[in-house]
Structure formats: structure tokens, C-alpha cells
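See below for the structure under consideration.
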Amino acid sequence: MSKAAQDIILRPIITEESMLGTADKKYTFSVAKDANKIEIAAAVEELFGVKVAKVNTINCLGKLRRQGVSQGYTAAWKKAIVTLTEDSKTIEFFDGMM
């Protein structure tokens with residue numbers, strides 16, 4: 001059973017560093033933890049109508065947080081940096097951020 005593209009791409013990551021990558025057609029997303037690079041590339045192509053050249057993924061561990069004597073970890077998540085091909089159009093959502 002394949003997942004829908006909306007279930008794979010959870011949200012865009014809007015940080016200063018990720019916005020610098022948009023000049024090189026590199027876009028950063030928070031993705032489902034069990035998604036692989038092929039599924040991520042297909043989901044981005046389906047959602048935004050672009051051509052994906054490559055996908056880099058990073059598993060981000062949760063950080064330790066404390067409140068008084070109790071402590072725990074924030075949720076772990078997965079980040080994907082998607083590079084588009086040279087002839088591909090840009091993702092309009094990120095163009096409005098610059």
C-alpha cells in the first residue's frame with residue numbers, strides 16, 4: 001500500500017540556512033520517518049510539478065528537555081534536502097519567502 005504524497009512531505013523547513021539553498025534549487029522538507037529517497041522524490045514531483053535530481057536525508061534525533069526534576073526527549077524526525085534539475089522550474093511556495 002503506497003502512501004499519499006501529503007503523508008510523505010509533512011511541512012517545509014523555513015530557516016535562514018534552508019533559504020540560502022533555494023538559490024541552488026535545494027529545498028528542505030520535514031518528511032515521514034519511514035519514507036525513503038525514492039518515495040520523497042516522487043512526492044515532491046507530484047505535489048509541486050518539478051523534476052528532482054537527487055534527495056539527501058538526515059535523521060534528526062530528539063533533544064533532551066527538562067522541566068524541574070522531570071526530563072524527556074522531543075520527538076525525533078526526518079529531514080530531506082531535495083535538489084531539482086537545472087531545467088526544472090522553481091517551487092513557487094519558497095519564492096514568496098525571499
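The values are calculated or read from the model by the stated rules, or taken from the named source; none is laboratory data. Computed from a predicted structure; not experimentally measured. For neighbour counting, all protein chains shown are included, and Cβ atoms are generated from backbone atoms with ideal geometry for every residue, glycine included. Note: areas computed on protein heavy atoms with side chains; ligands, DNA, RNA excluded. Shrake-Rupley method; radii C 1.70, N 1.55, O 1.52, S 1.80 Å.
So how many residues does the range 59-98 have that are polar (S, T, N, Q), under 16 Å from THR28 (Cβ atoms) and open to solvent by less than 100 Å² (accessible area, probe 1.4 Å)?
Let us first name the residues in the range 59-98 that are polar (S, T, N, Q), namely 59, 67, 70-71, 74, 83, 85, 88, 90.
Checking which are under 16 Å from THR28 (Cβ atoms) leaves us with 59, 83, 90.
Of the ones still in play, those that are also open to solvent by less than 100 Å² (accessible area, probe 1.4 Å) are 83, 90.
Of the residues in that region, 2 qualify.
I'd like the full set of residues that are in contact with a Lys or Arg (Cβ under 7 Å, 6 or more places away or on another chain) and of a type outside the set (Ser, Thr, Tyr), limited to the range 6-28.
Passing the criteria: only ILE13.
Evaluate the range 69-81: report whether one residue or more is assigned to a helix (DSSP H, G or I) and out of contact with any Lys or Arg (no Cβ under 9 Å at 6 or more places or on another chain).
Going through the range 69-81, the residues assigned to a helix (DSSP H, G or I) turn out to be none.
Among the residues of the range 69-81, not one is assigned to a helix (DSSP H, G or I) and out of contact with any Lys or Arg (no Cβ under 9 Å at 6 or more places or on another chain), which makes the answer no.
For the range 35-52, does any single residue satisfy the condition of being assigned to a strand (DSSP E or B) and without any contact (Cβ under 8 Å) to a residue 24 or more places away in the chain? Can you show your working first?
At the first step, the residues of the range 35-52 found to be assigned to a strand (DSSP E or B) are 52.
Checking the rest, the ones that are also without any contact (Cβ under 8 Å) to a residue 24 or more places away in the chain come to none.
The answer is no, given that none of the residues of the range 35-52 is assigned to a strand (DSSP E or B) and without any contact (Cβ under 8 Å) to a residue 24 or more places away in the chain.
Given the options GLU46, GLU39, name the one that is of a type outside the set (Lys, Arg), crowded, with 17+ Cβ neighbours inside 10 Å, touching a helix residue (DSSP H, G or I) at 6+ places or on another chain (Cβ under 8 Å) and on the phi < 0 side of the Ramachandran plot.
Working: GLU46 fails: crowded, with 17+ Cβ neighbours inside 10 Å.
None of the others qualify; the one that does is GLU39.
Any idea which residue in the range 5-34 is least open to solvent (accessible area, probe 1.4 Å), counting only those that are without any contact (Cβ under 8 Å) to a residue 24 or more places away in the chain and in a loop (DSSP other than H, G, I, E, B)?
Looking at residues that are without any contact (Cβ under 8 Å) to a residue 24 or more places away in the chain and in a loop (DSSP other than H, G, I, E, B), I get THR15.
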